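Report on the following structure.
The values are calculated or read from the model by the stated rules, or taken from the named source; none is laboratory data. Computed from a predicted structure; not experimentally measured. Every residue, glycine as well, gets a Cβ built from its backbone with ideal geometry; the counts of neighbours run over all protein chains shown. Keep in mind that these areas ignore ligands, DNA and RNA; they rest on the heavy atoms of the full protein, side chains included. Shrake-Rupley method; radii C 1.70, N 1.55, O 1.52, S 1.80 Å.
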Amino acid sequence: MLIVVAVITLISELPPGLLHIGNALLSDRFRKLITDSLEGVWMVIQLIATSCNLIVCLVISKWFRQEALKTICSWKSQTRTPPKVVS
């Protein structure tokens with residue numbers, strides 16, 4: 001599972017990183033022609049990759065699924081109690 005998440009993250013994060021390095025090293029023309037046109041596309045790809053990572057974790061790991069449901073649904077059963085003071 002960790003390998004799948006790492007590969008998805010690498011695929012979605014590496015191209016924008018290379019574009020930012022290109023922005024730093026190359027001229028303003030590179031930024032205007034390439035980076036500005038691809039920025040929106042990579043944002044969408046990163047958003048999809050992030051949601052895929054969550055889906056992969058939820059499908060594969062029973063423990064992660066249980067903890068996610070407990071966290072998401074905890075607002076129903078939460079009672080507000082003051083924290084305990086240790087002296």
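With every protein chain present, what is the per residue accessible area of the chain (1.4 Å probe, Å²)?
For the chain, the solvent-accessible area averages 85 Å² per residue.
What size of dipole, in debye to the nearest 20, comes out for the chain about its Cα centre when the only charges are +1 on Lys and Arg C-beta atoms and -1 on Asp and Glu C-beta atoms?
So the dipole magnitude of the chain works out to roughly 540 debye.
To the nearest 10 degrees, how steep is helix 2-25 against the longest Cα principal axis of the chain, on a 0 to 90 scale?
Long axis of 2-25 versus the principal axis of the chain: about 40 degrees.
If you compute Cα Rg over 2.2 N^0.38 Å for the structure shown, which of (i) 1.05; (ii) 2.99; (iii) 1.71 do you land on?
(iii)
Calculate how steeply helix 62-77 sits against the longest principal axis of the alpha-carbon atoms of the chain, using the helix alpha-carbon long axis, and give the answer as 0 to 90 degrees to the nearest 10.
70 degrees
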